[in-house]
Amino acid sequence: MSALFCRKFVSANIGSLLQKRGVSSKVPHFATLYDLNPAQINTLVKTAIRYKNEVKVQGKKPTHLLPGSSVALLFSKRSTRTRVATETASNLLGAKAMYLASTDIQLGVNESLQDTTRVLSSMVDCIVARVNSHQEIEDLVKYSSVPVINALSDKFHPTQILADLMTLHETYTPQGKDPQSLNLQDTLGGRKVAWVGDGNNVLYSLMITLPKFGVDVGVSTPKGYDPRADIVQMAQGEAKKYNTKMDIVNSTAEAIKDSDVIVTDTWISMGQEEEKADRLRAFSGYQVTQKMIAEGGAKSDWKFLHCLPRKSEEVDDDVFYSNRSLVFPEAENRKWTIMAVLDALLVHKKFPEN
């Protein structure tokens, strides 16, 4: 039996099995940016910018695109930005958003994730999931007959990173130029982003995505809070593929040196409250300040990102509320980038090929 025939035979039988179980093998999902190429991510960001301009500047509301559609927000973790961004993005496209917290449904209590997923996907057009373990995202993708969007897992936070990319692209687009006329490689290529903080899902998504656009990455975490080995391997592979640098150190100054953008995030994520005292001790000296940035040798026009919510021990007011901070445009752009993902998955029913 030839290798080609084997592949076709296996593919056909897997597709047949999925169809028998009520699961489509051709449904597009948004689980991680690692799965998308630079052209596809560029299209998502440009679509988000287009929607932002149409709604805010031109006063258009494209509610005709998804009339009668429903989007289930399956949230195991509470949220401000993700929930509001997803609900408003859905509404603008004409879809109805349905918020389902862990206290509202049977998920993980009297019903398996597989059963809940198959029931939900028989009634709604899309599932936006904010969960604990990334395995839950993978199971949702496995059993859902409709698109699944990863709105946060312990491993990746792709919708956040799309908003970060959009914010930086808008920021670095030369005055007088239309950001939709440029690619992310044009505005971000050759720059350096420095991470100062915990090894977490936001960092992991940045590490596997930024190299695609020619961005060098410097990561500084305290000892014992380093990035996961499997993520480092993935990120180093992307850095090699796109000829960029990926430096992972325990020195804030080394990570910040020559950086254009400094990023941090919470040191104590939901579910880590019992570790608070230990974490605060471990992260001593990691508060992002003007002094840290200056002594680290960042570029003179550096910018700052934080996905929120912010605590003062992570970054002081002088940085967070300065004119270098992009945190509030970054937060707003969650709406437009989620709108772009919904457009791809529900309007066009696929990610663009190029």
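Tabulated results
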quantity: Cβ-placed point charges (K, R +1; D, E -1), dipole of the chain about Cα centre in debye, nearest 20; calculated: 1140
quantity: Amide hydrogen neighbours beyond the local backbone of V219, cut-off 5 Å, H modeled; calculated: W195, D247, I248, V249
quantity: FRET efficiency for V57 and H348, using Cβ-Cβ distance with R0 set to 22 Å, rounded to 0.05; calculated: 0.40
quantity: Protein accessible area in the range 101-155, 1.4 Å probe - carbon and sulfur %; calculated: 45
quantity: Viscosity 1.002 mPa s, 20 °C: Kirkwood-radius Stokes-Einstein D of the chain over Cα pairs, µm²/s; calculated: 101
quantity: Whole-number accessible area per residue in Å² for the range 64-193, which is evaluated in the context of all protein chains at 1.4 Å; calculated: 41
quantity: For the range 127-191 and the range 331-354, distance of Cα centres in Å; calculated: 9
quantity: Convex hull projection area averaged over all views, the range 195-236, Cα basis, nm²; calculated: 2.7
quantity: C-alpha center-to-center spacing [the range 282-330, the range 73-90] in angstrom; calculated: 26
quantity: Spacing of the two label points (7 Å from each Cα toward its C-beta) at A101 and R228, in nm; calculated: 2.7
quantity: Accessible area of the range 168-322 belonging to carbon and sulfur atoms, whole % at 1.4 Å probe; calculated: 45
quantity: Low-density loop positions, chymotrypsin sites (Phe, Trp or Tyr not before Pro), the range 179-270 - DSSP coil, at most 16 other Cβ in 10 Å; calculated: Y225, Y242
quantity: Two-site label geometry, D316 and D247: point separation in nm, points 7 Å out along Cα→Cβ; calculated: 2.4
quantity: Formal net charge of residues neighbouring A331 (Cβ-Cβ distance under 12 Å; K, R +1; D, E -1); calculated: +1
quantity: Solvent-accessible area per residue, Å², over the range 206-330 with all protein chains present [probe radius 1.4 Å]; calculated: 47
quantity: Chain lengthening between A294 and T80 when straightened (0.36 nm per residue, less Cα-Cα); calculated: 73.8 nm
quantity: Inter-label distance for K142 and K177, nm, one decimal - labels placed 7 Å from Cα along Cα-to-Cβ; calculated: 4.5
quantity: Rounded tilt (10° steps) of 81-92 against the dominant C-alpha axis of the chain; calculated: 50
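The values are calculated or read from the model by the stated rules, or taken from the named source; none is laboratory data. Note that the structure is predicted; figures quoted are calculated from it, not measured. So basically every Cβ, Gly included, is an ideal-geometry build from the backbone, and we count neighbours across all protein chains shown. SASA here: full protein model, heavy atoms, side chains in, ligands and nucleic acids out. Shrake-Rupley method; radii C 1.70, N 1.55, O 1.52, S 1.80 Å.
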